[in-house]
Amino acid sequence: MKILVINAGSSSLKYQLIDMVDESVIAKGLCERIGIEGSLLTHKYGADGKFELKTPMKDHKDAMAAVLDALQDADHGVIKSIDEIGAVGHRVLHGGMEFTASCIIDDKCIEAIKKCIPLGPLHNPANLQGIQACQAVMPTTPMVAVFDTAFHQTMPAKAYMYGIPTEYYDKYQIRRYGFHGTSHRFVSGRAAELLGKGKKVIVCHLGNGSSLSAVVDGKCVDTSMGLTPLEGVLMGTRSGDLDPAVVECIANNENMTPSQVLNMLNKKSGFLGVSGVSSDMRDVWAAANEGNEHAKLALDMWAYRISKYIGSYAAAMGGVDAIIFTAGIGENDYVARAMVCEPLKFMGVEIDEAKNKGKRDEGVISSDASKVTVMVIPTNEELAIARDTLELCAK
Ligand code: ADP
């Protein structure tokens, strides 16, 4: 079966068409600037085929139509008809407490996703637009929703409750939810295949957005992102953990609303805010290597906070068998991995420099003597979504 994976944002729509016989990517692409001037579709296919189309896309329905046209095009297309697409898997950001796993999209599922809009006000409406656009152009194709939050629903109350009056949980479901769940599940699942069941694993998903999770025997027991993806470690543009009083202090001093401060914490902080250079790790390294003190500080803060989270999760689980690095930085940046692991020597974490250097694919980077196995496992959220979609549609 061929499965189309859709990740719809407010003004973008990413897609991948995956052949589930060998789990290969047949084509993938991105629609940008949906609803604004200069809409652009970039479609990649085969070994290095690439096609770009500037065409007005006033909404996600136009974008989906453009995607399906590209997939079926006589020149750069990869299928003859839409009927070749057996099912569609949609990434949905917030499943609240409604969803503990992926589900077939029906009216009930749509209603439940709508119910979660107050928890994911920016993403869930965009995700719904993606689903509805797909349903409009492929009305008979089965569809599945895969939630970023679902994997973390196994956390115990002591990990997901905030230390505020419980009436806010009762009234508004304010609690830790966690995100990147599809990645944490994919990577910890692969770790279980490689290392065996029953292990205590810490997954470090370190990309532009970053989060850590503590996973015991395949079940998430804690994670660093919270009610929203703002909480946790330092990220590309997000601050991560801070004293909430900072919001009031900046709002009062700068005559800003809480929403404006939160926008700054989400979009102008992290690597970008501290280094003053860029949200991208590679740019921050380049600046630090040229002697930029702010960039050096950003890198130090980044690694320090991740090491601290790893230490706290080892304590939360009463030990740790494996630490896994994944996503853009986790998979590619061996110096960053070494920086994170350096303070963990006290708990028996020992990196093998030669194994670590340059490792981008799957493998162990700790020494034989290390008490904790440290690994790189590349994540693949699209494949995880496609696998869930196949499983649910085959039932
Ligand atoms: P997103 O959260 O947007 O999916 P990614 O997982 O693609 O992000 O990670 C993006 C981050 O990974 C950026 O900070 C980028 O600098 C970093 N990165 C990607 N490739 C490399 C590399 N080869 N070396 C160092 N950092 C890299």
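The values are calculated or read from the model by the stated rules, or taken from the named source; none is laboratory data. Just so you know, these numbers come straight off a predicted model, no measurement behind them. We place every Cβ from the backbone using ideal geometry, glycine too, and count neighbours over all the protein chains shown. Remember, those area values only see protein heavy atoms, side chains included, never the ligands or the DNA or RNA. Shrake-Rupley method; radii C 1.70, N 1.55, O 1.52, S 1.80 Å.
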Worksheet item: What's the Kirkwood radius of the chain in Å, using all Cα pairs?
Response: 22.1
Practice prompt. For the chain, report the accessible area per residue in Å² (1.4 Å probe, heavy atoms, rounded to an integer).
Written response: 47
Worksheet, complete the sentence: Going residue by residue through the stretch 26-39, the Karplus relation 6.51 cos²θ - 1.76 cosθ + 1.60 with θ = phi - 60° gives ³J(HN,Hα) values, rounded to whole Hz and with x marking Gly or Pro, of 7, 7, 8, x, 8, 9, 10, 6, 5, x, 10, 5, x, 4
Fill in: Among V246, V320, V221, residue whose mean-square fluctuation peaks in a GNM of the chain (springs only between Cα atoms under 10 Å)
V246
Discussion item. Name the residue from F179, V372, S210 whose Cα lies farthest towards the positive end of the charge dipole of the chain, charges +1 on Cβ of Lys and Arg and -1 on Cβ of Asp and Glu.
Written reply: V372
Worksheet item: Quick one: putting +1 on the C-beta of Lys and Arg, -1 on the C-beta of Asp and Glu, what dipole do you get for the stretch 207-291 around its Cα centre, in Debye to the nearest 20?
Response: 200
Discussion item. Sort S213, S367 by heavy-atom solvent-accessible area, probe 1.4 angstrom, most to least.
Written reply: S367, S213
Worksheet item: If you bin every alpha carbon distance in the stretch 277-395 into 10 Å steps from zero, what whole percent lands in each bin?
Response: 13, 36, 31, 16, 4, 1
Worksheet item: Using 0.36 nm per residue, how much length does the chain from F51 to A74 gain when fully extended, once their Cα-Cα distance is taken away?
Response: 7.0 nm
Practice prompt. Go through S275, Y304, Q135 and say which Cα lies farthest out towards the positive end of the charge dipole of the chain; charges sit on Cβ, +1 for Lys and Arg, -1 for Asp and Glu.
Written response: Y304
Worksheet item: So which of K114/K268; K28/K58; K267/K296; K50/K199 end up more than 32 Å apart, counting from Cα to Cα?
Response: K50/K199
Worksheet, complete the sentence: Per GNM of the chain with C-alpha springs under 10 angstrom, the most fluctuating residue out of H123, H205, H184 is H123
Item to complete: Report, to the nearest whole %, how much of the accessible area of the stretch 106-208 belongs to carbon and sulfur atoms, 1.4 Å probe, protein only.
Response: 55
Worksheet item: Build a GNM of the chain with springs between Cα atoms under 10 Å: which of Q16, Q72, Q129 gets the top mean-square fluctuation?
Response: Q72
Worksheet item: What is the Cα coordinate range of the stretch 165-251 on the first, second and third principal axes, sorted by size from largest, in whole angstrom?
Response: 49, 32, 17
Fill in: Cα-based reach from K200 at 16 Å (exclusive), listing lysines while leaving out same-chain residues under 8 positions away
K219, K371
Worksheet item: If you roll a 1.4 Å probe over the stretch 2-63 with all protein chains in place, what percent of the accessible area is carbon or sulfur?
Response: 48
Response to the item:
Quick calc, the chain, dipole around Cα centre from Cβ unit charges on Lys, Arg (+) and Asp, Glu (-), nearest 20 debye, gives 560
Practice prompt. Calculate one ³J(HN,Hα) per residue across the stretch 213-230 by plugging θ = phi - 60° into the Karplus curve 6.51 cos²θ - 1.76 cosθ + 1.60, and present them in order as whole Hz with x for glycine and proline.
Written response: 9, 9, 10, 10, 6, x, 10, 6, 10, 6, 8, 7, 6, x, 4, 10, x, 6
